[in-house]
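As structure tokens, the structure follows; a few thoughts come after it.
The values are calculated or read from the model by the stated rules, or taken from the named source; none is laboratory data. Just so it is clear, the model here is predicted, and its values are computed rather than measured. Virtual Cβ from ideal backbone geometry, glycine too; neighbours counted across all protein chains shown. Protein only, heavy atoms only, side chains kept; ligands, DNA and RNA dropped before computing areas. Shrake-Rupley method; radii C 1.70, N 1.55, O 1.52, S 1.80 Å.
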Amino acid sequence: MIRAASLAAALLLAPVSLSAQDAEGDPIMEFESVDEQMNAAIAEAQASAPRFLALLDNPPAGASNFVFKFPLEGYEHIWVGSVERDGDYLTGRLKNNPHAEGWKLGDVVRVPVTAISDWGYVDRTGVAQGYYTVRVMIDHMEPAMAAEVRRQYGWAD
């Protein structure tokens, strides 16, 4: 089972609730570990990780909100912000309130670059770049929620 963390915390935009708040963590969407769309999105994010690292090392003018996602405790794919690169590792703070025991919002993590399952940032025009898994998650939302996420990420037509 793949558990994808709430979308809202990724960009620090207005709250977007995917389901009722769980007392033990932020809302999540669950995907089977064999879900072809989600696995393809993760593979695309991993394949394009060198691009993310290059942008992180030399951010374009006006770029902001660099984040990445990784499988906390091996199953809860969670967003990390305040990202810094340390060789083959990324460090940052959890941007979601995790379900995994022993972890909380804001905890510092150090993650091998090879463990990234998604990444994103906001370009100078306010459009979210990357966010491969989010694009899959949108297809599983109610239409009004999907429209709101697209609007917040700058993907609305």
Exactly one of these conditions fails for Trp119: (1) open to solvent by less than 20 Å² (accessible area, probe 1.4 Å); (2) modelled with pLDDT of 95 or more; (3) over 23 Å from Ala40 (Cβ atoms). Give me its number. (3)
Residue tally, condition open to solvent by less than 20 Å² (accessible area, probe 1.4 Å) and of a type in the set (Phe, Trp, Tyr), over region 77-95: 1
Restricting to region 96-111, count the residues that are touching a Lys or Arg at 6+ places or on another chain (Cβ under 9 Å) and open to solvent by 20 Å² or more (accessible area, probe 1.4 Å). 6
Within region 54-76, considering residues that are among the aliphatic types (A, V, I, L, M) and within 15 Å of the chain's Cα centre (by Cα), the one surrounded by the fewest Cβ atoms within 10 Å (Cβ to Cβ): Leu72
Pull out all pairs, ordered by first then second residue, where Cβ-Cβ is under 9 Å, the residues are six or more apart or on different chains, the first lies in region 99-124 and is under 11 Å from Leu72 (Cβ atoms) and touching a residue at least 12 places away in the same chain (Cβ under 8 Å), and the second is surrounded by fewer than 20 Cβ atoms within 10 Å (Cβ to Cβ) and among the hydroxyl-bearing types (Ser, Thr, Tyr). Ala100/Tyr75; Val109/Thr91; Val111/Tyr89; Val111/Thr91
Assuming Glu44 fulfils every condition listed in (1) at pLDDT below 95; (2) surrounded by fewer than 17 Cβ atoms within 10 Å (Cβ to Cβ) apart from one, which condition is it? (1)
Suppose we filter region 122-157 for residues that are surrounded by 22 or more Cβ atoms within 10 Å (Cβ to Cβ) and either polar (S, T, N, Q) or in a strand (DSSP E or B) (or both); how many remain? 4
Under 6 Å by Cβ, and 6 or more places apart or on different chains, what pairs join a residue from region 55-69 that is more than 16 Å from Thr125 (Cα to Cα) with one that is β-branched (Val, Ile, Thr)? Phe68/Val80; Phe68/Ile116
